[in-house]
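Remarks on the structure that follows.
The values are calculated or read from the model by the stated rules, or taken from the named source; none is laboratory data. Remember, predicted model here, so these are calculated numbers, not experimental data. A quick note on method: Cβ atoms are made from the backbone with ideal geometry, for glycine too, and the neighbour counts reach across all protein chains shown. To get the accessible areas, we keep the full protein, side chains included, count just its heavy atoms, and leave off ligands, DNA and RNA. Shrake-Rupley method; radii C 1.70, N 1.55, O 1.52, S 1.80 Å.
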Amino acid sequence: MSNSRTIFGAGLAFALFSLAAQAADLPSRRVEPAIPLAPAFTWTGFYVGANAGWAQTRTELTPGAVIAGRAAVAALPSLNRDGAAVGLLLGYNYQIGQLVLGGEIDGAALITGKQRFTALTGDVITAHTNWVGSARLRVGYAFDRFMIYATGGLALAAPQSTVTGTGYSYGAGDSTRFGWTLGAGTEYAITNNWIAGLEYRYSQFEENTYTYPVGVGGLGIVGFKQQLSTNQVVGRLLYKF
């Protein structure tokens, strides 16, 4: 009996030793740590940014107010000037599925120079737009990090217009004019915070009428109407919070 127990114990020890040796020879199954995934991008959030690009101011002059039956100077031109626009902006987007709704305000200095026209009477008409701004709504459609959008709303401008003749000048000084603006653009999210874009906008502003006395030809007090519009194509760089 003692012999049987000894043999059984030796067999059990041998079996346990064999299992341990086989387990040591098996490849280890170490669990690799999970790699954290980058958070999904969303267009929702506030953003600030800057824009810069091409701008065109267009001033259309037409015969306007005439007093005492006097005729205004006819065949007034449309004056176009090309230049640059540099501005700042602030906005907010809210994404619902692929639809992106938002609002934006912006202001830009126009570096387009002055427009001049010399009338037949010798008077010099000068127009210069110093800055433009807007408060707009935006509706976009997102393809992950790429978005196309349309925009429109209220526009403001600060044009300066003068009529200068021998010994007199009328209409000098800035006056804020209101109007409307419409446009479209594209944006691409380079990272979760930095966004680059391109936008085109057309703006139309309320007309203004100038009356002034002409010192030659017995014309008396005549006038003209001025209609201002702008075109802008600008690149945009935004930081989204």
Next on the checklist: What's the total number of residues in the stretch 184-199 that are touching an Asp or Glu at 6+ places or on another chain (Cβ under 6 Å) and among the small types (Gly, Ala, Ser)?
Outcome noted: 2
Next on the checklist: With modelled with pLDDT of 95 or more, under 15 Å from residue 197 (Cα atoms), in a strand (DSSP E or B) and in contact with a Gly (Cβ under 9 Å, 6 or more places away or on another chain) as the only criterion, which of 94, 149, 141 stands out?
Outcome noted: 149
Checklist entry - Before we move on, is residue 58 of a type in the set (Lys, Arg), open to solvent by less than 20 Å² (accessible area, probe 1.4 Å) and at pLDDT 85 or above? => result no
Item to check | Matching residues, the stretch 79-108, being under 26 Å from residue 150 (Cβ atoms), among the hydrophobic types (A, V, I, L, M, F, W, C) and open to solvent by less than 50 Å² (accessible area, probe 1.4 Å) | outcome: 84, 85, 89, 100, 108
Next on the checklist: Return the residues of the stretch 152-199 that are at pLDDT 95 or above, of a type in the set (Val, Ile, Thr) and surrounded by 19 or more Cβ atoms within 10 Å (Cβ to Cβ); say none if nothing qualifies.
Outcome noted: 181, 195
Checklist outcome for this item: Among (1) more than 20 Å from residue 79 (Cβ to Cβ); (2) modelled with pLDDT under 95; (3) among the polar types (S, T, N, Q); (4) surrounded by 20 or more Cβ atoms within 10 Å (Cβ to Cβ), residue 226 falls short only on (1)
